[in-house]
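Reviewing the structure listed below.
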Amino acid sequence: MGRPRKVSLTEAIGLINDGDSLTFSGFTIWRRPMAAIMELIRQGKKDLHLIEVNGGTHDDMLIGGGCVKIWESCWSGHELYGKIPGNLSRKFQAGELICEDYSHVQMLYRLVAGAHGLPFMPIFAALGTDILNPEYDMLGKAGLRDGSHPKIPSKKYEMYTESFTGSEVALVPAAQPDWCIAHVQMVGSEGTVRVLGQKYADDEAFKAADKVIVLTEQIVPEEFIRREPERNLIPPYLVDYIVELPWAGHPTGCYGSYEADGEFIKDFYTRSRTQEGFDEWAQEWIFGVKDHEAYLNKLGVSRLETLRASTALGYSQKVKRGSR
């Protein structure tokens, strides 16, 4: 296989079609590919199908931008900066969004199955809960499990009595999104991916997706990144496109590079409690800037330098933290 292509953010997002299914790197407000999220909104993508272990600022922003038709996950929110995903909640209640609810570990195991090329995974999680209540099979109720949608399985789950102990388990279907869009700290010049700090479900997300776009804080010589192979997560042959884009995770945090911008996330959450508020926010921060560079210029050097992590400590010494 050839090496992954280095492309611009505009080129990478231009490859994604309306209706495609996506998964992402990171966890809630950490290491999300936010520059890609804003570019998806800027390019007006529609009817996207999000399949992810858990949501966060990224998916709530995409939903507010009118880009999402289906959301399959277990949770979304902004941690201490806004626990409720205002856009997701509002659009779900209005019937503008299909939400398929699984438990956290069920979503993880769905990606594990997809990563290993298996059709399903057996699991005990959520037995006896309404997650497995047929009444809440939202994709089924919407008539989307008819086989005409290649990324939507024919059933939400299947109950099965295994023959070894006679236990009843749930078989959850594999998840294999069209795209994984990831944000990482470092990529080698040939495409080897290194993630510092928590890796979350990135390994499974990379391997389960048909194609992978990686936004990276920096591209380094391949010879350097291969000196310590045990620190690397993904080999080049699993990566399709690389976008070198410092601060691509802002306002979410990136361990060793910068902190989450809590004030920015809190402002987004507060202003997007209504669609009019979101639209006003998006006009300022997405449509009101030409690209990611203009976005960073609008944020300003002082704000970014406050968030920047100490290379020695891995976190910023300038961010004001809570006290008792």
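Here, each number is a calculation from the coordinates, and none is a lab measurement. These numbers come from a predicted model, not from an experiment. Neighbour counts run over all protein chains shown; Cβ positions are idealised from the backbone, glycine included.
Measuring from a point 7 Å past the Cα of residue 291 along Cα-to-C-beta, which residues in the stretch 239-267 have an amide N at less than 16 Å?
Correct set: 242-248.
With r as the distance between the Cβ atoms of residue 75 and residue 306 and R0 = 22 Å, compute the FRET efficiency 1/(1 + (r/R0)^6) and round to 0.05.
0.15
Test of understanding: ordering 186, 159, 34 by Cβ neighbours within 10 Å, fewest first, what list do you get?
159, 186, 34
Which of the lysines could be linked to residue 46 by a straight reach, that is with a Cα gap under 18 Å, when you skip same-chain ones fewer than 8 residues away?
Qualifying lysines at Cα under 18 Å: 69, 91, 151.
In terms of the ratio Rg/(2.2 N^0.38 Å) built on C-alpha atoms, what value belongs to the stretch 184-324?
This ratio for the stretch 184-324 stands at 1.18.
What list do you get for 76, 103 if you sort them by fewest beta carbons within 10 Å?
Ordered from fewest to most neighbouring Cβ atoms within 10 Å, 76, 103 come out as 103, 76.
Share of Cα-Cα pairs in the stretch 1-40 beyond 17 Å, in percent?
42
Can you give the Kirkwood hydrodynamic radius of the stretch 246-296 from its Cα pairs, in Å with one decimal?
Over the stretch 246-296, the inverse of the mean reciprocal pair distance is 11.8 Å.
Two decimals, Cα atoms only, Kirkwood Rh: what is Rg/Rh over the stretch 124-183?
1.05
State the percent of C-alpha pairs, over all pairs in the stretch 101-212, separated by a distance greater than 20 angstrom.
Summing the P(r) of the stretch 101-212 above 20 Å gives 49 percent of all pairs.
Rule-of-thumb check for the stretch 150-237: C-alpha Rg over 2.2 N^0.38 Å?
Compared with the compact-globule rule of thumb, the stretch 150-237 sits at 1.48.
Subtract the Cα-Cα distance of residue 104 and residue 154 from 0.36 nm times their separation in residues, and report this length gain in nm to one decimal.
The residue 104-residue 154 span can extend by a further 15.9 nm.
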